[in-house]
Amino acid sequence: MSVTPLRLAVIIGSVREGRFGTVVAAWFAAQAATHGRFEIDVIDLAEADIPLVLPAVSPALEPNPERPAGMLDLTERLSAADAFVIVTPDYNHSYPASLKAVIDWHFTQWQRKPIAFVGYSGATGGLTAIEHLRQVFSELDAHTVREYVSFPRYYLLFGEDGQLLAPAEPEAAAQTMLDRLQWWAEALVAARALVAGDPARAMPAASIDNSGRRPATSRA
């Protein structure tokens with residue numbers, strides 16, 4: 001297995017004033033750092049220019065439409081990612097409009113890449129948003145992993161310092177999800193490299209077993 005770290009984009013999907021997503025994303029980024037196989041890029045959609053008016057031609061047909069200057073950095077970071085984790089709340093039984101706009105402004109940036117989710121909300125833990133996102137990303141030729149992390153009634157689970165009051169179960173769920181995400185990321189990086197003729201990144205993930213977990217000896 002190549003020692004080159006996988007590029008993981010952690011996307012904060014909410015841009016609402018007073019959002020809690022930054023706290024959840026910081027917690028998850030720390031979990032990904034502990035995992036040890038990812039180079040982490042936390043992307044805050046509140047820092048990008050995300051028009052709701054989309055280009056006339058779908059990015060599925062025109063991969064490089066004219067995008068606002070304030071979106072170019074976001075597009076480059078999405079393009080560079082090998083895998084994504086989307087941190088999303090549940091707004092009215094679905095996910096934020098800001099997130100949908102970012103998804104729809106892009107296509108190849110998601111295509112043939114794995115995506116995982118961390119949800120949070122009052123009652124559902126973001127699960128309704130996650131289920132809607134699975135349908136959307138399927139249309140974009142991305143792979144959503146089965147595992148997820150969910151925080152129902154998140155305001156009771158995190159302390160004022162942004163840390164979980166009872167971290168064991170969510171941390172275990174995050175590591176399991178990251179193991180699965182790593183398996184798919186390595187497999188799809190290798191597959192994309194073969195198609196693109198890049199042998200340096202076309203090495204099989206031989207050290208990953210069929211369950212999607214790394215051998216115990218591989219965690220350093």
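The values are calculated or read from the model by the stated rules, or taken from the named source; none is laboratory data. This structure is a prediction, so every number in the text was calculated from the model and none was measured. Cβ atoms come from the backbone with ideal geometry, glycine included; neighbour counts cover every protein chain shown. Side chains included, ligands, DNA and RNA excluded: accessible areas come from the protein's heavy atoms. Shrake-Rupley method; radii C 1.70, N 1.55, O 1.52, S 1.80 Å.
For region 15-45, how many residues meet the condition of being touching a strand residue (DSSP E or B) at 6+ places or on another chain (Cβ under 7 Å) and among the small types (Gly, Ala, Ser)?
5
May I ask you to verify whether Ala9 is more than 18 Å from Thr144 (Cα to Cα), touching a residue at least 60 places away in the same chain (Cβ under 8 Å) and crowded, with 18+ Cβ neighbours inside 10 Å?
Spelling it out, it is not the case that Ala9 is more than 18 Å from Thr144 (Cα to Cα), touching a residue at least 60 places away in the same chain (Cβ under 8 Å) and crowded, with 18+ Cβ neighbours inside 10 Å.
Could you check Phe158 against (1) among the hydrophobic types (A, V, I, L, M, F, W, C); (2) open to solvent by less than 40 Å² (accessible area, probe 1.4 Å); (3) under 14 Å from Gly13 (Cα atoms) and say which number it fails?
So the condition that Phe158 fails would be (3).
What do you reckon, is Leu164 open to solvent by less than 60 Å² (accessible area, probe 1.4 Å), more than 23 Å from Val24 (Cβ to Cβ) and either in contact with a Gly (Cβ under 8 Å, 6 or more places away or on another chain) or not acidic (Asp, Glu) (or both)?
No: the conditions fail for Leu164.
Give me the pairs, please: first residue somewhere in region 63-90 and farther than 21 Å from Ala185 by Cβ, second residue anywhere and open to solvent by 20 Å² or more (accessible area, probe 1.4 Å) and in a helix (DSSP H, G or I), beta-carbon distance under 6 Å, and either six or more positions apart or on two chains.
Listed by first residue and then by second, the contacts come to Asp90/Thr128.
Which number in (1) within 25 Å of Leu188 (Cβ to Cβ); (2) surrounded by 15 or more Cβ atoms within 10 Å (Cβ to Cβ) marks the one condition that Ile50 misses?
Single failed check for Ile50: (1).
Checking Asp161 against (1) outside any loop (DSSP other than H, G, I, E, B); (2) of a type in the set (Asp, Glu); (3) closer than 29 Å to Pro5 by Cβ: exactly one of these is not met. Which one?
(1) is the only condition that Asp161 fails.
Of the residues Ser79, Ser98, which single one is open to solvent by 30 Å² or more (accessible area, probe 1.4 Å) and not in a loop (DSSP other than H, G, I, E, B)? Spell out how you get there, then give the answer.
Values: Ser98 fails: open to solvent by 30 Å² or more (accessible area, probe 1.4 Å).
After ruling out the rest, the residue left standing is Ser79.
Is it the case that region 111-123 has a residue that's at negative phi and at pLDDT below 95?
yes
List the pairs whose first member sits in region 16-37 and is at negative phi, whose second member is among the acidic types (Asp, Glu), and whose Cβ atoms are under 8 Å apart, counting only residues at least 6 apart or on separate chains?
What qualifies is Thr22/Asp44; Ala25/Asp44; Gln31/Glu171; His35/Asp179.
If we scan region 20-38, do we find a residue that is at pLDDT 95 or above, among the charged types (D, E, K, R) and out of contact with any Asp or Glu (no Cβ under 9 Å at 6 or more places or on another chain)?
Within region 20-38, not a single residue is at pLDDT 95 or above, among the charged types (D, E, K, R) and out of contact with any Asp or Glu (no Cβ under 9 Å at 6 or more places or on another chain).
Name every residue in region 38-59 that is touching a residue at least 60 places away in the same chain (Cβ under 8 Å) and part of a loop (DSSP other than H, G, I, E, B), in order of residue number. Before the answer, list the steps.
Here is the first cut: in region 38-59, the ones touching a residue at least 60 places away in the same chain (Cβ under 8 Å) are 38.
Residues satisfying the conditions do not exist here.
Can you name the residue in region 132-142 that is surrounded by fewer than 18 Cβ atoms within 10 Å (Cβ to Cβ) and not polar (S, T, N, Q) and is also farthest from Pro89 (Cα to Cα) among such residues?
Going residue by residue through region 132-142, those that are surrounded by fewer than 18 Cβ atoms within 10 Å (Cβ to Cβ) are 132, 134-136, 138-139, 141.
If we keep only those that are not polar (S, T, N, Q) as well, we get 132, 134, 136, 139, 141.
On the way: His132: 12, Arg134: 14, Val136: 16, Glu139: 21, Asp141: 23 Å.
Only one residue tops the list, namely Asp141.
Residues being of a type in the set (A, V, I, L, M, F, W, C) and either touching a strand residue (DSSP E or B) at 6+ places or on another chain (Cβ under 8 Å) or touching a residue at least 40 places away in the same chain (Cβ under 8 Å) (or both): count how many of those fall in region 144-194. Can you show your working first?
Of all residues in region 144-194, those of a type in the set (A, V, I, L, M, F, W, C) come to 145, 149, 151, 156-158, 164-166, 168, 172-174, 177-178, 181, 183-185, 187-191, 193-194.
From what's left, either touching a strand residue (DSSP E or B) at 6+ places or on another chain (Cβ under 8 Å) or touching a residue at least 40 places away in the same chain (Cβ under 8 Å) (or both): 145, 149, 151, 157-158, 164-165, 173-174, 177-178, 181, 184-185, 188-189, 191.
Total meeting the criteria: 17.
What number goes with the only condition from (1) among the β-branched types (Val, Ile, Thr); (2) over 23 Å from Pro114 (Cα atoms); (3) in contact with a Phe, Trp or Tyr (Cβ under 6 Å, 6 or more places away or on another chain) that Val24 does not pass?
The one condition Val24 does not meet is (2).
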